[in-house]
Amino acid sequence: MRTLRAVGFDLDGTLFDHRGSARDGVRHFLRSLGVEPSSGALESWFTAEDIQFERWRVGEIGFQEQRRQRLRAVLPALGVTLPTDDAGLDALFDGYLQAYRRSWRAFPDSRDLIDTLRASGYRVGLLTNGTQAQQLDKLHRTDLFGGFDAVCISEHLGVQKPDPQAFIALATQLSVAPEAVLFVGDHQAHDVDGARSAGMRGLLVDRSATHTAGIADVVRGALRAGVEPAR
């Protein structure tokens, strides 16, 4: 069995608290439109986000269009009259983006985990689906950027997780074989199955269950075992 020499991470939902940041952003955005951010409204927002982001990921629609579709799916049902043109929708979505960006935060244990792994001799990389500008902005604003030996973003790579080529690109930038990488993420298909298809070992983490304790012990346990964790 090849010795693990590197750890790769997903960003959103793994190191970066997207759901918490977005929840705060949506609440502020809806209130600015005169809408009470009820649990039902928040659920509708995140359902639309998941659906439309996946349509973008598979190449069905463009990145900006998935944002417009999210507004179309959610706001009229909440009594908000939408602009009829794309420019108006984009300006409206910018209001959400500003609120979301003000709420950006990494999970409390993320940077310490990255630094500890590197101090222990592991190379550490990031592989994330998204646009280059926004994902790099997240890393810089949450003080995660300087912790990585390699950063791979799908827009720049030209390929999305779970395509094995995305994971192979990460291993190449880390200067290790895919078999020497443990990849950590919160999505079974995109992160874990994708990593395994490239020859890496995959570790699924659930931040909703480990928000207080963090994921460091789970990651270290997988590295010590050097085998696929039980599912």
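List of remarks:
- Of the residues making up the range 153-175, those that are among the hydrophobic types (A, V, I, L, M, F, W, C), surrounded by 23 or more Cβ atoms within 10 Å (Cβ to Cβ) and out of contact with any Pro (no Cβ under 8 Å at 6 or more places or on another chain) number 3.
- Verdict on Leu97 being of a type in the set (A, V, I, L, M, F, W, C), within 30 Å of Ile215 (Cα to Cα), modelled with pLDDT of 95 or more and in the same structural domain as Ser44 (by TED's automatic domain parsing): yes
- Reported count of residues in the range 9-47, each being within 28 Å of Ser154 (Cβ to Cβ) and hydroxyl-bearing (Ser, Thr, Tyr), is 4.
- The number of residues in the range 150-169 being in contact (Cβ under 8 Å) with a residue 60 or more places away in the chain and either outside the structural domain of Ala216 (by TED's automatic domain parsing) or farther than 22 Å from Phe53 by Cβ (or both) comes to 0.
- Apart from one condition, Asp12 fits all of (1) more than 23 Å from Thr131 (Cβ to Cβ); (2) in the same structural domain as Thr172 (by TED's automatic domain parsing); the exception is (1).
- For the range 188-206, a residue qualifies if it is buried (at least 18 other Cβ atoms within 10 Å of the Cβ) and not aliphatic (A, V, I, L, M), and the qualifying residues are His190, Asp191, Gly194, Arg201, Gly202.
- Condition met for Ser21 (at pLDDT 95 or above, small (Gly, Ala, Ser), assigned to a helix (DSSP H, G or I) and within 24 Å of Asp191 (Cβ to Cβ)): yes
- As a summary of the residue check, Gln66 satisfies the conditions (1) in a helix (DSSP H, G or I); (2) outside the structural domain of Gly146 (by TED's automatic domain parsing); (3) closer than 30 Å to Ser175 by Cα except for the one numbered (3).
- Comparison of Gly88, Gly130, Gly121 shows that the only residue that is more than 16 Å from the chain's Cα centre (by Cα), assigned to a loop (DSSP other than H, G, I, E, B) and either at positive phi or not assigned by TED's automatic domain parsing to the domain that holds Ala166 (or both) is Gly121.
The values are calculated or read from the model by the stated rules, or taken from the named source; none is laboratory data. Small disclaimer: the values here were computed from a predicted structure and weren't measured. Backbone-built Cβ (ideal geometry, glycine too); neighbour counts: all protein chains shown.
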